[in-house]
Every structure is written in structure tokens, then in C-alpha cells.
Amino acid sequence: MAVNAIVAEGSIGAYNRAQMVPFSATLKILGRKLPRNPESDQAVARGLVDRGLPASTIDRLAVAYATTVEEIQRLLGVSRTTGKRQRSSNSALRPLAADRALRLARVLALTRFVLEDDGKAARWLKERNRALRGERPIDLLATETGTDAVEELLGRIEYGIFS
């Protein structure tokens, strides 16, 4: 797969994260496989979100991020009691939480790609970063705008742009 992450505008803000990492890497973090003949990555993603990912996804993300279930639930907007109930019955996450889980997996896949090491990626996401005004990247992943900032920074790192 060709890596073509900077769009003609020349702005790092125009960076296209979808072309950096194969969608299968995101699915692998979620414990899913790419269907044999998918219409598109977007169609697969919409299907996962609409059907809802299993609540065990919370545990998978906690292991992948080397963090606590509580932190993942906070990022997904799932309360402790709801998360505990959903995980014990392995019911499906609601679409909003499933969408956020997909976002967390996508960012982790990108971070692993850029830093080329799973352990380094997990540590980088939890360390305060001067380029993010002293915030920890993982804390910004609760919102789409925060996620954009983290992905833009990863694009800058990947292309050697001083951050």
C-alpha cells in the first residue's frame, strides 16, 4: 500500500489518516477480521458501529492501550455501572460507544505504525506531550477534535516535521 498522507494543499492539517494504515490493522485491535469482499472500509466501519461492537471490546482496548478498563470506558463515554453490566453479559455497545471504540482502535493502529513498536505506542499515548500543550494524547481521544490533533501530530512525526 502506498503511503500518500500529505494532500496537495501542503498543509499538515489536510493530512489524510485513512491512507496511512490499512483498515485491517484497526480491525485486528478490535478482534475483528476484514470481510472477504467488503464494499469499502467505510461500509465495514458503518456496519460495525450500527450493529454495535461487543462489550468485550472495552477489555481488548484496555489491553491494547496497556491501561485500565475504567480509562477506556471514560474515553467511550460509558459509565462504570453500564460498562460492568455490558461486559458481564457481553452485550453490544451502543452505536456512539462503538464509534468511539473504532476511533480508539484507529488511532492506536496509526500510533503503532508511526512509532513502529506496540510498547512505544502505548507509552507515547500516555505521556504528556509539549506539542499538545502538555496534554496526554490518550486524554484527547475522547473527542473528534482532540483525536484530530493527535492524528495531525502523528502525521508530523511520520514525515519528520518538527513538533
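The values are calculated or read from the model by the stated rules, or taken from the named source; none is laboratory data. Please read these numbers as outputs of a predicted model, since none were measured by experiment. Glycine also receives a Cβ, built like all others from the backbone with ideal geometry; neighbour counts cover every protein chain displayed.
Yes or no, residue by residue, for (1) part of a helix (DSSP H, G or I); (2) out of contact with any Leu (no Cβ under 7 Å at 6 or more places or on another chain); (3) aliphatic (A, V, I, L, M); (4) within 24 Å of residue 28 (Cβ to Cβ):
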site	(1), (2), (3), (4)
109	yes, yes, yes, yes
113	yes, yes, no, yes
122	yes, yes, yes, yes
125	yes, yes, yes, yes
148	yes, yes, no, yes
156	yes, yes, no, no
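For the subset of the stretch 118-129 comprising residues that are free of Cβ contacts under 8 Å to residues at least 24 places away in the same chain and closer than 13 Å to residue 150 by Cα, which member is surrounded by the fewest Cβ atoms within 10 Å (Cβ to Cβ)?
For the stretch 118-129, the residue satisfying everything is 127.
Which pairs turn up if I take residues in the stretch 54-71 that are touching a residue at least 12 places away in the same chain (Cβ under 8 Å) and within 16 Å of residue 99 (Cβ to Cβ) and look for partners that are among the basic types (Lys, Arg) and assigned to a helix (DSSP H, G or I) with beta carbon separation below 7 Å, at least 6 apart in sequence or on another chain?
Qualifying pairs under 7 Å: 55/87; 58/87.
Based on this model, can you work out whether residue 102 counts as part of a helix (DSSP H, G or I), among the aliphatic types (A, V, I, L, M) and in contact (Cβ under 8 Å) with a residue 60 or more places away in the chain? Break it down stepwise before answering.
On the way: part of a helix (DSSP H, G or I): yes; among the aliphatic types (A, V, I, L, M): yes; in contact (Cβ under 8 Å) with a residue 60 or more places away in the chain: yes.
For residue 102, the condition - part of a helix (DSSP H, G or I), among the aliphatic types (A, V, I, L, M) and in contact (Cβ under 8 Å) with a residue 60 or more places away in the chain - is met.
Tell me which of these residue 18 doesn't satisfy, since it passes every other one: (1) at pLDDT 75 or above; (2) assigned to a helix (DSSP H, G or I); (3) aliphatic (A, V, I, L, M).
Against the list (1) at pLDDT 75 or above; (2) assigned to a helix (DSSP H, G or I); (3) aliphatic (A, V, I, L, M), residue 18 comes up short only on (1).
This table checks each residue for (1) under 19 Å from residue 22 (Cβ atoms); (2) in contact with a helix residue (DSSP H, G or I) (Cβ under 8 Å, 6 or more places away or on another chain); (3) of a type outside the set (Gly, Ala, Ser).
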| residue | (1), (2), (3) |
| --- | --- |
| 110 | yes, yes, yes |
| 128 | no, no, yes |
| 131 | no, yes, no |
| 136 | no, yes, yes |
| 145 | no, no, yes |
| 160 | no, no, no |
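When residues of the stretch 105-117 are filtered for being touching a residue at least 40 places away in the same chain (Cβ under 8 Å) and surrounded by fewer than 18 Cβ atoms within 10 Å (Cβ to Cβ), how many remain?
1
Looking only at the stretch 29-51, which residues are surrounded by 16 or more Cβ atoms within 10 Å (Cβ to Cβ) and either in a helix (DSSP H, G or I) or modelled with pLDDT under 85 (or both)? Lay out the reasoning, then the answer.
Kept after step one, since they are surrounded by 16 or more Cβ atoms within 10 Å (Cβ to Cβ), are these residues of the stretch 29-51: 29-30, 32, 44-45, 48-49.
Of everything in the stretch 29-51, those that are surrounded by 16 or more Cβ atoms within 10 Å (Cβ to Cβ) and either in a helix (DSSP H, G or I) or modelled with pLDDT under 85 (or both) turn out to be 29, 44, 45, 48, 49.
Quick grid of which residues meet (1) at pLDDT below 95; (2) surrounded by 21 or more Cβ atoms within 10 Å (Cβ to Cβ); (3) closer than 19 Å to residue 21 by Cβ:
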| residue | (1), (2), (3) |
| --- | --- |
| 62 | no, no, no |
| 71 | no, no, no |
| 82 | yes, no, no |
| 91 | yes, no, no |
| 98 | yes, yes, no |
